[in-house]
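K.L.:
Pasting a structure here, questions to come.
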Amino acid sequence: VQLQESGGGLVQAGESLRLSCAASGRTFSSYAMGWFRQGPGKEREFVAAINWRGSTTSYADSVKGRFTISRDNAKNTVYLQMNSLKPEDTAVYYCAQPNSGYLTSRQEDYDYWGQGTLVTVSS
């Protein structure tokens with residue numbers, strides 16, 4: 001399985017970005033997907049997850065109401081729409097895939113990880 005993130009960059013506080021993660025290697029529509037992030041000097045943390053068909057989502061409290069996870073199974077791609085960005089959202093963002101169609105926020109449930117994309121939010 002290969003996961004390739006894109007869409008990171010430098011933005012100002014209050015602006016938006018959309019991250020994409022293209023998956024290959026196995027049947028994308030059978031598996032949940034998740035987004036995690038690691039800020040400077042911080043542990044990697046859960047951001048959002050979506051189940052196999054996109055009917056159920058979960059978010060960290062810190063991004064609820066500002067971020068939206070979605071997926072397009074026809075394109076083997078998961079997205080993270082990030083609005084009202086804050087400096088504390090600065091991090092490397094990773095997409096990941098567990099070995100299940102049910103969403104999970106636990107890092108240990110995820111078997112495959114992308115290389116990450118950097119998001120920097122200036123104040």
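The values are calculated or read from the model by the stated rules, or taken from the named source; none is laboratory data. Fair warning: this is a prediction, and the values are worked out from it, not measured in the lab. Please note: Cβ atoms are built from the backbone with ideal geometry, for glycine as well, and neighbour counts cover all protein chains shown. The accessibility values were calculated without ligands, DNA or RNA, using every heavy atom of the protein model including side chains. Shrake-Rupley method; radii C 1.70, N 1.55, O 1.52, S 1.80 Å.
K.L.:
Looking only at segment 31-56, filter to residues that are open to solvent by 60 Å² or more (accessible area, probe 1.4 Å) and not in a loop (DSSP other than H, G, I, E, B); which one of those is nearest to Ser122 (Cα to Cα)?
P.N.:
My answer is Gln38.
K.L.:
With the requirement that a residue be part of a helix (DSSP H, G or I) and acidic (Asp, Glu), what does segment 61-113 give you?
P.N.:
Within segment 61-113, Glu88, Asp89, Glu108, Asp109 qualify.
K.L.:
Test Gly25 against the stated conditions and say whether it is touching a residue at least 12 places away in the same chain (Cβ under 8 Å), more than 18 Å from Val119 (Cβ to Cβ) and surrounded by fewer than 14 Cβ atoms within 10 Å (Cβ to Cβ).
P.N.:
The answer is yes for Gly25.
K.L.:
A further question on this structure: Given the options Ser100, Ser55, Ser105, name the one that is more than 22 Å from Gln2 (Cβ to Cβ) and in contact (Cβ under 8 Å) with a residue 60 or more places away in the chain.
P.N.:
It is Ser105.
K.L.:
Could you count how many residues in segment 57-77 are among the aliphatic types (A, V, I, L, M) and loosely packed, with under 15 Cβ neighbours inside 10 Å?
P.N.:
Counting residues in segment 57-77 that are among the aliphatic types (A, V, I, L, M) and loosely packed, with under 15 Cβ neighbours inside 10 Å gives 1.
K.L.:
Report yes if some residue within segment 8-22 is among the polar types (S, T, N, Q), in a strand (DSSP E or B), loosely packed, with under 14 Cβ neighbours inside 10 Å and modelled with pLDDT of 95 or more; otherwise report no.
P.N.:
Looking for residues that are among the polar types (S, T, N, Q), in a strand (DSSP E or B), loosely packed, with under 14 Cβ neighbours inside 10 Å and modelled with pLDDT of 95 or more, one finds at least one in segment 8-22, hence yes.
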